[in-house]
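Before any comments, here is the structure.
No lab work stands behind these numbers, since they all come straight from the coordinates. Remember, predicted model here, so these are calculated numbers, not experimental data. Positions of Cβ are backbone-derived with ideal geometry, glycine not excepted, and every protein chain shown enters the neighbour counts.
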Amino acid sequence: MLPKTPSLTLLATCFVLPNLVIGFKPTVHTSSGTYIGVHDAQNNLDAFLGMHFASPPAARFLPATQIVISNSTQSATTFGADCPQLPAPLSVAGLAAGPPLKGANQSEDCFFVNVWRPSGYPPKKKLPILVYIYGGGYFSGSGSEWNGVSLVRRSLAIGRPIIYITFNYRTGVLGFIGSAQAPSAALNVGLQDQRDALRWIQDNAEAFGGDGSRITISGESAGGSSVHMHYLYPDSRQTFRAGISSSGTSLVENTPPCEWHDRPGGGYNILGNITGCGTGPGSFECLQNMPFDTFWSFALQTYTPSGPVPIPLWSVTCKGPQGSLIEEYPAKKVVDGDFLKLPIITGTNRNEGNFVIGTGFLELTPQPTADEENAIMHAFIASHATYNASEATVSKLVDLYAHPTDSLSNSSLYNRATQFETDYSFLGPQRLFLRSASAPERGQNVWAYSFEQHPSGTPDFFGAFHTSDLYYLDMGFPIVPEQKLKTQMQDIYITFTNDADPGVFWPAYMEGSKMVLRLVDGHVRPVEDTRRRNLTDFLNEVEVLREFGRFG
């Protein structure tokens with residue numbers, strides 16, 4: 001995500017495993033067949049890439065099917081196909097939202113898992129496992145973007161070895177189609193893909209020298225939201241013991257009723273009209289039976305962002321009937337404390353909204369007058385409601401966000417809008433979850449952080465923007481110069497994966513003290529989480545949540 005230079009481009013596109021040893025071929029026997037991986041002698045690790053954890057469904061949009069076991073030995077030396085998505089990653093002000101995809105192509109047959117493990121450890125060691133769920137707004141991303149070389153190498157260096165795993169899940173219209181015409185089983189299948197992958201990982205943990213009872217799930221943005229979703233809507237079997245959610249809660253975007261997509265301007269309405277399938281009975285089957293190339297050329301037209309936030313229509317989970325995985329609104333489950341009581345680290349970046357809303361408000365020429373600015377803010381805030389928030393509530397929010405505390409640009413409008421976006425989509429939902437999770441009667445171990453480091457070489461007006469924390473985990477983005485923070489963040493992930501506890505230096509979050517870990521290079525320390533507390537308290541009032549559609 002740094003400005004492109006020839007050297008960074010080369011770094012981003014190089015194969016992630018240098019100095020492969022041709023003579024040594026690590027082999028694993030899994031429930032989907034025997035795989036031969038690659039050995040990285042320089043980093044003392046083995047990698048197994050592109051292993052199937054499921055087979056494509058019988059028809060488009062439906063859940064994946066159980067993998068057919070291959071009797072032949074298969075190669076696991078390159079990434080499998082990425083799931084169909086936008087041809088290029090979303091970028092804002094020249095910064096890409098993620099590293100380049102490395103799958104050979106895009107295909108509906110994309111259910112692949114990738115494993116990086118320390119080399120030479122006997123299976124009886126049963127190492128803990130860190131599973132990383134990629135972000136991308138639920139409309140893009142791939143397990144091929146993120147590699148575990150640096151984290152596994154660091155885990156060996158500090159004597160706390162871990163196994164690192166990524167996988168693919170369907171995104172966009174293929175993973176999150178919504179409509180009253182769609183059967184329950186077809187709703188939120190992207191999350192169902194994740195569940196299938198977690199089951200495969202647990203079933204095959206020992207084959208890789210891992211411990212299926214010590215799996216930590218983690219992710220950023222939509223991946224962080226997914227971590228929360230697996231807490232709110234748990235599998236019938238426990239496939240993980242702890243979680244790390246970065247810049248993503250279950251409420252990052254509203255979870256509307258699935259039929260919301262049927263309204264004029266909704267994703268299903270647009271897709272049905274441009275394909276000729278319509279939106280009534282038989283439309284879903286029409287979309288299922290259309291040849292993929294024909295379907296996909298139409299589907300991509302629904303990925304065109306509209307409004308000030310540059311995200312496509314297919315970027316939300318939806319609340320459906322029984323059998324849709326999300327059978328109750330996430331906000332209600334959070335408020336009720338109806339979620340798993342497993343250990344969790346959850347956090348947000350200080351300036352999440354700066355990257356999310358893009359630079360449109362900055363580029364207005366001339367900048368609006370005070371009255372025009374308030375009118376734009378009114379429309380921007382109102383656009384976050386699933387249906388229509390009251391005039392009184394929206395007007396109060398316009399007033400509350402009249403004086404931004406983080407003024408990183410010369411545009412008052414941009415500063416106000418980015419702060420509202422940060423609070424509405426990230427900081428407010430984070431605090432709502434923490435309030436429930438830290439209730440003394442629950443006995444849940446929960447830790448919170450605030451990432452506040454501005455990465456070198458990125459625009460000043462972005463601050464500690466959405467995804468900037470990923471610069472310091474060294475999983476795909478170019479390495480940043482602030483190496484101390486990188487080491488500290490990697491050690492947190494490694495320690496938590498081993499112990500389901502980050503260590504004594506980080507006090508657990510309690511509603512009384514509200515302590516979070518402030519992540520700034522050279523100044524990592526616990527602080528009281530008070531920033532704009534009065535604003536997020538208002539956003540978290542039940543009636544305000546209801547007005548914006550977070551209860552339907």
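List of remarks:
- Around G98: net Lys/Arg minus Asp/Glu count, Cβ-Cβ under 10 Å: -2
- Taking the charge dipole of segment 112-232 about its Cα centre, with +1 at Lys and Arg Cβ atoms and -1 at Asp and Glu Cβ atoms, the residue from G223, T171, V115 reaching farthest to the positive side is V115.
- A simple count of charges around T279, restricted to other residues whose Cβ falls under 12 Å of its Cβ and scoring Lys, Arg +1 and Asp, Glu -1, yields -1.
- Cβ-to-Cβ counts within 10 Å put S91, S226 in ascending order as S91, S226, the fewest first.
- Dipole size of the chain about its Cα centre, with +1 on Lys/Arg Cβ and -1 on Asp/Glu Cβ: approximately 1440 debye, rounded to the nearest 20.
- Descending by average beta-carbon neighbour count within 10 Å, the peptides 495-508, 423-436, 456-469 line up as 423-436, 456-469, 495-508, the highest first.
- Alpha-carbon centroids, segment 402-428 and segment 256-274: separation in whole Å: 30
- Antiparallel DSSP beta bridges within the chain, percent to nearest 5: 40
- With K and R counted +1 and D and E -1, the other residues having a Cβ less than 12 Å from that of Q181 yield a net charge of -3.
- Close amide H partners of S324, meaning residues 5 or more places away or on another chain with modelled amide H under 5 Å apart, do not exist here.
- For the chain: lysine pairs under 21 Å (alpha-carbon distance), excluding those fewer than 8 apart on one chain: 9
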